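Accompanying notes for the structure given below.
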Amino acid sequence: MKITVNINGKRYSNDVEPRLLLIHYLREVVGLTGPHIGCETSLCGACTIELNGKAVKSCTMFAVQADGANITTIEGLAANGKLHPVQEAFWNEHGLQCGFCTPGMIMASKQILDRNPNPTEEEIRHGLEGNLCRCTGYQHIVNAVKAAAKAVGA
Amino acid sequence: MIPQTFDYTAPSTLDQALGLIAQGAKPLAGGMSLIPMMKLRLASPEHLVDIGRLPELRYIRDDAGVLRLGAGCTHYEVETSPLLRGKCPLLSETAARIGDVQVRNMGTIGGSVAHADPAADYPAALLALEAQIVLRGAKSQRTVAASGFFLDTFATALEPGEIVSEIIVPVEDAGAGTSYQKMAQPASGFALVGVAARLRRSGGTIVLARLGVTGLAPHAYRAASAEKALEGTPGTAADIQMAASRIAEGVEANADLHASADYRRHLAAVSAARAITAALARTA
């Protein structure tokens with residue numbers, strides 16, 4: 001099946017099998033390996049990307065469902081060599097240890113701030129319920145989201 | 001984790017979709033239950049019809065005393081709809097507790113209802129709300145009460161060729177108080193047990209009590225005995241405890257690796273007491 005998608009501002013047209021998962025399309029066909037494959041059972045959130053402005057788990061979606069969509073992956077956040085405020089905050093606040101969950105954490109964090117520029121700690125934790133960090137570095141991740149909110153609001 | 005091969009069609013109208021479904025194609029909405037099942041090869045449909053992007057199934061409107069929700073509304077849309085938050089807050093509150101934000105962005109109310117997972121959240125709220133569920137086929141349309149829809153684990157009143165097309169819930173009058181309380185399985189977010197309470201009070205007495213329970217039994221149900229225990233009382237702490245102690249009456253409790261039957265019954269009583277207390281505080 002032919003699909004056309006806009007990924008990080010660039011248009012892609014490919015012929016794909018209906019059963020091809022979006023995460024496999026992104027990583028193996030388009031070559032964007034920022035979104036990770038963690039649990040493959042839609043629990044861990046490492047594959048989180050933005051589809052038409054909404055954070056979704058790309059392991060639980062077929063590429064054909066994304067036909068015509070606008071997709072942003074972690075690779076699309078930095079603009080003109082400048083990190084996105086959420087990326088900057090994860091760096092400054094040590095919001096990562098091994099880094100495996102980070103692309104998904106940052107995409108989910110971006111969704112929190114897009115919808116609510118001034119979240120409470122509880123709202124941040126609620127917004128990150130779909131993302132797991134095996135290093136258990138949650139405290140620094142929450143701090144990073146708070147710092148990003150402050151930086152964007154400043 | 002690669003599903004078996006299948007054909008995929010994304011029709012532009014509901015009629016086209018229903019025509020394909022009548023021929024045996026499987027509807028795909030948000031895919032939050034179906035796709036994991038396909039990846040595990042617990043389901044291997046030969047033909048998927050994508051109804052997840054049909055504008056015809058995506059509306060929330062006030063219609064002469066009731067609210068009508070298209071089956072394609074996502075949990076996020078149900079959670080954030082100003083109309084629902086104002087006129088049927090129980091449904092928004094329940095949607096906000098489903099899974100996680102990524103799941104709520106994709107999953108739909110119609111898909112969840114049709115899938116009828118015994119631990120899904122909506123069934124408890126729909127039972128407490130005495131909701132109606134509209135079922136459509138290529139040449140048919142009928143309306144079923146929520147109480148007659150959830151028949152067993154993953155089993156509903158849907159006939160082959162039918163989809164859930166609309167959910168109808170009442171506009172709450174200002175005096176009603178509602179609440180949904182659940183104990184979630186921490187990894188999946190599914191309800192070990194969830195209780196939705198809807199109460200109305202008049203002159204200091206509870207005149208209407210509706211309690212929907214999910215996660216405890218093979219399918220969601222209304223706790224009639226607990227409702228009766230509550231109605232006609234002022235809703236003191238002792239009244240609430242008495243009603244909550246009857247929440248599991250007459251049902252066989254589920255047991256699995258996450259929670260034994262005894263533990264689930266205990267959680268049901270705790271969740272019921274919390275839901276009743278919170279709902280009562282919201283009554284006018």
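Among the residues of segment A:93-103, is there at least one that is under 28 Å from B:Phe190 (Cα atoms), within 14 Å of chain B (Cβ to nearest Cβ) and not in a strand (DSSP E or B)?
Our first condition is that a residue be under 28 Å from B:Phe190 (Cα atoms); within segment A:93-103, this holds for A:95-96, A:99-103.
Retained after the next criterion (residues that are within 14 Å of chain B (Cβ to nearest Cβ)): A:101, A:103.
Those left that are additionally not in a strand (DSSP E or B): A:101, A:103.
Looking for residues that are under 28 Å from B:Phe190 (Cα atoms), within 14 Å of chain B (Cβ to nearest Cβ) and not in a strand (DSSP E or B), one finds at least one in segment A:93-103, hence yes.
Of the helices (runs of 4 or more DSSP H) that lie entirely inside segment B:88-189, those containing 1 or more residues that are away from chain A (no Cβ under 14 Å) span B:89-96, B:109-115, B:122-128.
Return a yes/no flag: does segment B:212-224 have any residue that is farther than 16 Å from B:Thr94 by Cα and either more than 17 Å from the chain's Cα centre (by Cα) or within 14 Å of another protein chain (Cβ to nearest Cβ) (or both). Among the residues of segment B:212-224, at least one is farther than 16 Å from B:Thr94 by Cα and either more than 17 Å from the chain's Cα centre (by Cα) or within 14 Å of another protein chain (Cβ to nearest Cβ) (or both), which makes the answer yes. When residues of segment B:113-145 are filtered for being in contact with a strand residue (DSSP E or B) (Cβ under 6 Å, 6 or more places away or on another chain), more than 20 Å from B:Ala96 (Cα to Cα) and open to solvent by less than 10 Å² (accessible area, probe 1.4 Å), how many remain? Within segment B:113-145, residues that are in contact with a strand residue (DSSP E or B) (Cβ under 6 Å, 6 or more places away or on another chain), more than 20 Å from B:Ala96 (Cα to Cα) and open to solvent by less than 10 Å² (accessible area, probe 1.4 Å) number 3.
Filter segment A:92-103 for residues that are open to solvent by 50 Å² or more (accessible area, probe 1.4 Å) and under 16 Å from the mean Cα position of the chain (by Cα); which is nearest to A:Cys47 (Cα to Cα)? Show your work before the answer.
Of all residues in segment A:92-103, those open to solvent by 50 Å² or more (accessible area, probe 1.4 Å) come to A:92-94, A:96-98, A:100.
Narrowing the set further to residues that are under 16 Å from the mean Cα position of the chain (by Cα) leaves A:96, A:100.
Numbers: A:Leu96: 16, A:Phe100: 10 Å.
The residue in question is A:Phe100.
Residue count for segment B:1-36 satisfying the condition of being open to solvent by 60 Å² or more (accessible area, probe 1.4 Å) and within 13 Å of chain A (Cβ to nearest Cβ): 7. Considering segment A:115-129, and only residues there that are outside any helix (DSSP H, G or I) and buried (at least 16 other Cβ atoms within 10 Å of the Cβ), the residue that is nearest to the other protein chains (Cβ to nearest Cβ) turns out to be A:Glu129.
Does A:Ile112 satisfy being touching a residue at least 12 places away in the same chain (Cβ under 8 Å) and either hydroxyl-bearing (Ser, Thr, Tyr) or within 14 Å of chain B (Cβ to nearest Cβ) (or both)? Spelling it out, A:Ile112 is indeed touching a residue at least 12 places away in the same chain (Cβ under 8 Å) and either hydroxyl-bearing (Ser, Thr, Tyr) or within 14 Å of chain B (Cβ to nearest Cβ) (or both).
Consider segment B:66-82. How many of its residues are more than 14 Å from chain A (Cβ to nearest Cβ) and either open to solvent by 50 Å² or more (accessible area, probe 1.4 Å) or in contact (Cβ under 8 Å) with a residue 60 or more places away in the chain (or both)? Before you say what the answer is, go through the steps one by one.
Of all residues in segment B:66-82, those more than 14 Å from chain A (Cβ to nearest Cβ) come to B:66-71, B:78, B:81-82.
Still in the list and also either open to solvent by 50 Å² or more (accessible area, probe 1.4 Å) or in contact (Cβ under 8 Å) with a residue 60 or more places away in the chain (or both): B:66-71, B:82.
Residues that pass the stated criteria total 7.
Filter segment A:53-85 down to the residues that are out of contact with any helix residue (DSSP H, G or I) (no Cβ under 6 Å at 6 or more places or on another chain), assigned to a strand (DSSP E or B) and at the interface with chain B (Cβ under 10 Å from one of its Cβ atoms) and list them by number. The answer is A:Phe62, and nothing else. What do you reckon, is B:Glu130 touching a residue at least 60 places away in the same chain (Cβ under 8 Å), of a type in the set (Asp, Glu) and closer than 21 Å to B:Val66 by Cα? Yes, satisfied. Evaluated against (1) among the aliphatic types (A, V, I, L, M); (2) under 21 Å from B:Arg97 (Cβ atoms); (3) part of a helix (DSSP H, G or I), A:Leu132 falls short on exactly one condition, (3). The set of residues in segment B:235-248 being free of Cβ contacts under 8 Å to residues at least 40 places away in the same chain and surrounded by 12 or more Cβ atoms within 10 Å (Cβ to Cβ) consists of B:Asp239, B:Gln241, B:Met242, B:Ala243, B:Ala244, B:Ser245, B:Arg246, B:Ala248.
Would you say B:Gly70 is modelled with pLDDT under 95 and not hydrophobic (A, V, I, L, M, F, W, C)? Criteria not met by B:Gly70.
The values are calculated or read from the model by the stated rules, or taken from the named source; none is laboratory data. Computed from a predicted structure; not experimentally measured. All Cβ positions, glycine included, derive from the backbone under ideal geometry; neighbour counts span all protein chains shown. Side chains included, ligands, DNA and RNA excluded: accessible areas come from the protein's heavy atoms. Shrake-Rupley method; radii C 1.70, N 1.55, O 1.52, S 1.80 Å.
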